[in-house]
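Heads up, the thing below is written out as structure tokens.
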Amino acid sequence: EWLSELESKLSQHPNLIVGEIGLCKMARFVREFPKSLGGKATALQLQKVVFKKQMELAARWRRPVTVHCVNAHGIFMEALEEILKEAKESCSKEEEIHDTNNVLLENDGMRATLKKAFPPAIAMHSFTGTANHVQQIL
């Protein structure tokens, strides 16, 4: 329900961005998630599922996102890597080009597909990471 409501807002307002979205180990939802349902680990995985859906929606509508990420850089990178992997898998076999060692190379069709898998811009808000985290993101 929330996802279709967000999509409806994006369709009605062409200048909206998607955000603030994110991952936060300090959020009350995470801290107070019932241990009987898996506790903090389950709460963080649920956050990641929602985050990926929001990222995918922003990518589909070509809208920037603002991301809140507090002490969750590993999960953030996992989400980005999963989106990238899914995009690569969605590329048709005709788009694939391999080198002499059968290593998949990117071509223009694949590059376009990968570009569409992510929002056009990602602004990090409340970023608590290191310079190394920034390099991983770039």
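The values are calculated or read from the model by the stated rules, or taken from the named source; none is laboratory data. None of the values given here were measured: they were computed from a predicted structure. Quick reminder, even Gly has a Cβ in these numbers, built from the backbone with ideal geometry, and neighbours come from all protein chains shown. We work out accessible area using only protein heavy atoms, side chains counted, and drop any ligands, DNA or RNA first. Shrake-Rupley method; radii C 1.70, N 1.55, O 1.52, S 1.80 Å.
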Could you list which residues have their amide H under 5 Å from that of Phe127, counting only those 5 or more apart in sequence or on another chain, with H placed in the peptide plane? Cys69
Hey, can you find the accessible area per residue of the chain for me, probe 1.4 Å, expressed in square angstrom? 63
Using only the alpha-carbon atoms, how far is helix 73-90 inclined from the longest principal axis of the chain? Give it as 0 to 90 degrees, nearest 10. 40
Which is farthest toward the positive dipole end of the chain among Ala131, Ala87, Ala43, measuring Cα position about the Cα centre, with Cβ charges +1 (Lys, Arg) and -1 (Asp, Glu)? Ala43
Given the convex hull over the Cα atoms of the chain, what projected area results after averaging over all orientations, in nm²? 10.7
Difference of contour (0.36 nm per residue) and Cα-Cα distance, Met26 to Arg62: 10.0 nm
Quick one: what are the phi-derived ³J(HN,Hα) couplings along segment 6-12, Karplus 6.51/-1.76/1.60 with θ = phi - 60°, whole Hz, x for glycine and proline? 5, 4, 4, 4, 5, 5, 7
So, with points 7 Å from each Cα along the Cβ direction, the Leu84-Asn71 label distance in nm works out to 2.7
Degrees, to the nearest 10: 39-60 long Cα axis against longest axis of the chain: 50
Could you give the spread of the C-alpha atoms of segment 1-61 along their three principal axes, from largest to smallest, in whole angstroms? 41, 20, 16
With n ≥ 4 as the cut-off for DSSP H runs, can you work out [θ] at 222 nm for the chain, using -39500 (n - 2.57) per run divided by the number of residues, rounded to the nearest 500? -16000 deg cm²/dmol
Amide H neighbours of Gly22 under 5 Å, counting only residues 5+ apart in sequence or on other chains, H built in-plane at 1.01 Å? His68
Quick one: how many Å² of Glu81 are accessible to a 1.4 Å probe, rounded to 10? 110
Among the listed pairs Lys9/Lys85; Lys9/Lys35; Lys48/Lys85; Lys35/Lys88; Lys9/Lys88; Lys35/Lys85, those beyond 26 Å (Cα-Cα): Lys9/Lys85; Lys9/Lys35; Lys35/Lys88; Lys9/Lys88; Lys35/Lys85
Return the ratio Rg/(2.2 N^0.38 Å) for segment 45-91, where Rg is computed over Cα atoms only. 1.14
Full-extension gain between Leu3 and His125, please, as 0.36 nm times their residue separation minus the C-alpha to C-alpha distance. 41.8 nm
Leaving out ligands, DNA and RNA, what percent of the accessible area of the chain is carbon and sulfur, probe 1.4 Å? 54
Using the Cα centre as the reference, give the magnitude of the dipole from point charges on the C-beta atoms of the chain (Lys, Arg: +1; Asp, Glu: -1; all else neutral), rounded to the nearest 20 debye. 600
